[in-house]
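One structure follows; several queries about it will come next.
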Amino acid sequence: MMAGQIKAGKSSYINTIDSALQGYLRSLALAGEDIHSFTKKFNPFRVEDRANGEWDGVLPFVIYDIMGIDTDVDHPDDYISAVKGHIKDEYKFNPKKPLSDDSPYFNKNPTMNDVAHCLVYVVAADQVSIMDDRVLKFLKKIRSNISDIDIPQVVLLTKVDASCPLVGKDLKKVYRSRYIKEQIERFSQILGIPINCILPVKNYSKKTSLNDDIDVLALTALLQILRFANGHLVNLKQMEYKK
């Protein structure tokens, strides 16, 4: 499950990993730079498996994008409900009113397949220091309210190239950038998320062809996210065995 401020790059990250895995630029998720969120409905994104260049189903993970947080959103309830598996596909987000438990889109009895197994906060590196207090409060409330289900939580730090001239010239130097390190440490303190769970990436937004450096960062982050999610599933199985 992906959550974060508007224009941070949630949908663009989905498109970036899809493009990297397909071998050419694609636009699986609707992305944009509007003043409000482009994500209007709650739907899963699945990446095609094209082993040997032929379609072979989908890869064994599902990504859910959710409405971006901005000043137009009055409540964090839908974000929390989505992570906990209470929202059904095709639900249209209402920034002014959360989903009610008597709605046909409310899932009263979520299964293991409905619940998110990793929550990914998406934050733009060039906005960490000036992030709106309202957005921070929303993120903190989401984090606080899902702590009872013990799912892993990580941060995608996007737009690292736009926030640091060194990285803008050479993406390979992202881990050598003092500025990026400071932003990672700052956001770690804000949300209380360990530094090794904050992953720097750059999304495809202006380029018209694939770039190895962009792909490496995006897929490395995806690998870590899937490892965290898989670890959570292992823990759930172990708890079942104990019963």
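The values are calculated or read from the model by the stated rules, or taken from the named source; none is laboratory data. These figures come from a predicted structure and were not determined experimentally. Glycine also receives a Cβ, built like all others from the backbone with ideal geometry; neighbour counts cover every protein chain displayed. Ligands, DNA and RNA are excluded from the accessible area calculation, which covers all protein heavy atoms including side chains. Shrake-Rupley method; radii C 1.70, N 1.55, O 1.52, S 1.80 Å.
Can you find a residue that is surrounded by fewer than 16 Cβ atoms within 10 Å (Cβ to Cβ) and farther than 30 Å from Tyr179 by Cα anywhere in segment 119-131?
Checked against the condition, which is being surrounded by fewer than 16 Cβ atoms within 10 Å (Cβ to Cβ) and farther than 30 Å from Tyr179 by Cα, segment 119-131 yields no hits at all.
Run down Ser144, Ser205, Ser129 and say which single residue is touching a Ser or Thr at 6+ places or on another chain (Cβ under 7 Å) and either over 21 Å from Ala3 (Cα atoms) or not aliphatic (A, V, I, L, M) (or both).
Answer to the selection: Ser205.
If you don't mind, there's one more thing I want to ask. Scan segment 196-225 residue by residue and report those that are at pLDDT below 95 and among the aliphatic types (A, V, I, L, M).
Answer for segment 196-225, where residues must be at pLDDT below 95 and among the aliphatic types (A, V, I, L, M): just Leu210.
Inspect segment 181-194 for any residue being touching a Phe, Trp or Tyr at 6+ places or on another chain (Cβ under 9 Å) and open to solvent by 60 Å² or more (accessible area, probe 1.4 Å) and give the result as yes or no.
yes
So which residues in segment 96-122 are within 24 Å of Leu191 (Cα to Cα) and touching a residue at least 40 places away in the same chain (Cβ under 8 Å), if there are any at all?
Ala116, His117, Cys118, Leu119, Val120, Tyr121, Val122
So which of Thr71, Thr39 is within 14 Å of the chain's Cα centre (by Cα), among the polar types (S, T, N, Q), modelled with pLDDT under 90 and assigned to a loop (DSSP other than H, G, I, E, B)? I'd like the intermediate steps shown before the answer.
Values: Thr71 fails: within 14 Å of the chain's Cα centre (by Cα).
Matching residue, one of Thr71, Thr39: Thr39.
For segment 201-214, state whether one or more residues are over 13 Å from Val122 (Cα atoms) and open to solvent by less than 20 Å² (accessible area, probe 1.4 Å).
Yes: one or more hits.
It is to be established whether one or more residues within segment 179-199 are out of contact with any helix residue (DSSP H, G or I) (no Cβ under 7 Å at 6 or more places or on another chain) and of a type in the set (Lys, Arg).
Yes.
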